[in-house]
Amino acid sequence: MKTQSLKNLPMNKQAGFTLVELIIVIVILGILAVTAAPRFLNLQGDANASTLEGVQGSIRSGMNIVNGKALIANIQNKAETDTPTPIVEGVAIRFGYPVGTIDAFEAFLDIDFADVTDDPTIADSTDFNLSGGDDATTPVIIYPNSYLVTDSCKVTYTPALNKDTPATVAIDVSDC
């Protein structure tokens, strides 16, 4: 049997990363995290905007259903001040559309709102706040509980002004 000398054996080199290479990778990952994180941090704002878009769609659908039923009942040209008050499915109407009151909105949308008309700092367990709606002609502003009425994250419902001017629904989600 022949023996090999230790000089002739191949040396096993360990492969790995140097400290400099590891630091460079960590720095690159840090830069990527800082630039990508803001896109994912505003998920609540995106959720609020999407929810408001759903509320806007519900308001449009609800007001169109109420308007259709008012047309069928032939009370589309009556105001809430007429006697008797024109009512469709428990919702007082103004020229064929729901009046701009909290009671009307809670009835045709089946949503409980916080009434912040008197005190805009009220925040309770409801998902949405409702401002305005003091009378049948006042615009109604619906906004998420975590926002203020002055923020640009809201749905605005303007009741019908007369028989020739229907109710409108507008949305502003620029600051959600």
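Listing for the model above:
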read-out: Any hit, segment 36-43, residues being surrounded by 14 or more Cβ atoms within 10 Å (Cβ to Cβ) and of a type in the set (Phe, Trp, Tyr); value: no
read-out: Count of segment 77-111 residues which are among the polar types (S, T, N, Q) and in contact with a strand residue (DSSP E or B) (Cβ under 8 Å, 6 or more places away or on another chain); value: 2
read-out: Index of the failed condition, Val20 passing every other in (1) loosely packed, with under 10 Cβ neighbours inside 10 Å; (2) modelled with pLDDT of 80 or more; (3) within 30 Å of Tyr157 (Cα to Cα); value: (3)
read-out: Residue in segment 28-49 that is in contact with a strand residue (DSSP E or B) (Cβ under 6 Å, 6 or more places away or on another chain), closer than 26 Å to Asp151 by Cβ and at pLDDT 80 or above present; value: yes
read-out: Flag for Val66 being without any contact (Cβ under 8 Å) to a residue 60 or more places away in the chain, surrounded by 13 or more Cβ atoms within 10 Å (Cβ to Cβ) and either more than 19 Å from the chain's Cα centre (by Cα) or more than 30 Å from Ser174 (Cα to Cα) (or both); value: yes
read-out: Selected residue (criterion: modelled with the highest pLDDT) from residues of segment 150-176 that are of a type in the set (Ser, Thr, Tyr) and over 22 Å from Gly54 (Cβ atoms); value: Thr165
read-out: Matching residues in segment 131-160 - criterion: being in contact (Cβ under 8 Å) with a residue 60 or more places away in the chain and surrounded by fewer than 18 Cβ atoms within 10 Å (Cβ to Cβ); value: Ser146
read-out: Segment 132-149, residues that are over 15 Å from the mean Cα position of the chain (by Cα) and modelled with pLDDT of 80 or more; value: Thr138, Pro139, Val140
read-out: Candidate set: segment 70-91, residues that are among the small types (Gly, Ala, Ser) and either modelled with pLDDT of 85 or more or on the phi > 0 side of the Ramachandran plot (or both); chosen: the one surrounded by the most Cβ atoms within 10 Å (Cβ to Cβ); value: Ala70
read-out: Members of segment 152-170 found to be over 13 Å from the mean Cα position of the chain (by Cα) and hydroxyl-bearing (Ser, Thr, Tyr), listed by number; value: Tyr157, Thr158, Thr165, Thr168
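The values are calculated or read from the model by the stated rules, or taken from the named source; none is laboratory data. What you see is a predicted model, and the numbers here were worked out from it, not measured in a lab. Positions of Cβ are backbone-derived with ideal geometry, glycine not excepted, and every protein chain shown enters the neighbour counts.
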